[in-house]
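A short worksheet on the structure shown next.
Nothing in this text is a laboratory measurement; each read-out follows from the coordinates by a stated rule. Since we're looking at a predicted model, the values are computed, not measured. Every residue, glycine among them, receives a Cβ derived from its backbone with ideal geometry; neighbour counts consider all protein chains shown.
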Amino acid sequence: MDAKVERFEWLGLVCILVLALGLRLIQLNSGLWFDEIVTLVDYVRLPTADLLTTYSSLNNHILFSLLAKVSVTCFGESPWALRLPAVLFGVGSVAATWWLGRQVVSRGESLLAALFLTCSSHHIWFSQNARGYTGLLLAALVATTLFVKGMRGASRRIWIVYAGVLALAMYMHLSAAFLFATHALIFAVIYSRQRSSRQRNPGSGAEPRSGPWLGFGLGGVLTLICYGPLIPQMVVAFGNASAVDPEGEVTEWKNPIWTAVETLQSFGQGDPLILMGVAVGGVLALVGAISLCRRHPLFALIPLIHVPLTLGVLIVGSFRIWPRYFFVDAGFAILYLVHGTFVVSRTATTLRRRGERRDLHGHWAGVAATLVIVFGSLFLLPRTYQLPKQDFVGARDFIESVRGPDDSVASVGLASISYSTYYAPDWEIVEDLNQLDQLRSRGGSTWLVYSFPKHTTAKYPEVVDSAESDFELVETFWGTLGDGQVLVFRSR
């Protein structure tokens, strides 16, 4: 829409961004979880030249790792410094949601969408996660805004900027390819129709736009420049990620049904009232999507294509279908929901009222209804702050406070990486039952720690069986990460 931004909008946006920053600084220094530890140890601590030329796994979000290294260098190595780029990207994505919203919905709706994202527990969680997902979200929202403006006939300069954003998004996280493929698919359909129309009726219809070719082409070239030295490593990393490991495969991680259930549980661990609220929100988002498909199909179709495209590629490629791969659609979903709330509110007001002021009443009814939804979402925040993502620190401190002088402590599975490289380098690592038995033969009690129970059970079944039969479960340290609880066992 690109209407002039009024003073009340700037004031409202500034207040929202200040609130967004404040909510994301709370408990920012809590303990790191597995992926953050791997990011720090394997990449951020590398010399810059090595960081930019290392792609040993999909865990290296290169642009984020580089920015995290800058932050850690400036402020010292700590959880909050490692996460600071994610916080800033998170706040930026709130502003980008407002900017995108101004292209497709009313001013009030765009501000309320930014407020909703500000108070979203999921967005806060990712904004405090030392990974590139909030950076990817920011780039996706900015790129989509540029795409919408460019397809409406903006100058070629828009497409040059779009190309730069495309390359930065890809350098942040390669799953950005799904979003830009969606943009390209929509453009291809429009271009094909315009060209076909001109062929049938020469001299009539719109001239097919050439700007998008510049945006996609230049963006692709810049991406290849960034990743050129890494392509051989990337082939190996993607092959490892899609390979089937019979001894450690958690098959449900590749099941879209598990992904949907895990996403729903993340809202409230199965609380019926919360799930009812999620269902209502889903209906409102559907109403908003239908309305926007009629008014702004270019925008509205993007997530409707992006989600199944991403899901299809992950299934065909036999990759794990993590819910976080769809976090990039958060801004779109909230714009759907807020707009749907306004549509329902206006419809309800129209049915009840007559006269010239019914549109005004409908608008304020939409504002009130959206604020109620935002207020309701605040009830999800306490758990985000009360628990760390994974409580490796709590488990370590508990064991160290109660272990005897002759006791042995060992970890198994993915938890052993977190402890051996970061939190407890002196602890033992066991990878099979023989190693565990040798440890127990030393005398004193033996402590065994693991996390990600599903993965550990699949990868080390004999060790887990021994823990459950020959040890006692002393304590479970919960976190906000699904299946990320840390279990502490002591030999009987």
Within the stretch 392-491, percent of DSSP bridges classed antiparallel, to nearest 5 | 60
Ranking ILE26, ILE186 by Cβ neighbours within 10 Å, fewest first, what do you get?
-> ILE26, ILE186
Loop only per DSSP, at most 11 neighbouring Cβ atoms within 10 Å: give me the trypsin sites (Lys or Arg not before Pro) in the stretch 357-404, ordered by residue number.
-> ARG357
Under the rule of -39500 (n - 2.57) per DSSP H run of 4 or more residues, summed and divided by the residues of the chain, what mean residue ellipticity at 222 nm is obtained, to the nearest 500 deg cm²/dmol?
-> -21500 deg cm²/dmol
For the chain, what value does the Rg/Rh ratio take when both radii are computed over Cα atoms and Rh is the Kirkwood radius, given to two decimals?
-> 1.01
Per-residue ³J(HN,Hα) for the stretch 428-433, Karplus 6.51 cos²θ - 1.76 cosθ + 1.60, θ = phi - 60°, Hz, x for Gly and Pro = 6, 10, 10, 10, 8, 5
So what's the projected area for the stretch 226-327, the Cα convex hull averaged over all directions, in nm²?
-> 9.2
Neighbour-count ranking for THR310, THR347 (other C-beta within 10 angstrom, fewest to most) reads THR347, THR310
Amide H neighbours of THR446 under 5 Å, counting only residues 5+ apart in sequence or on other chains, H built in-plane at 1.01 Å?
-> SER408, SER491
From fewest to most C-beta neighbours within 10 Å, the residues MET234, MET172 line up as MET234, MET172
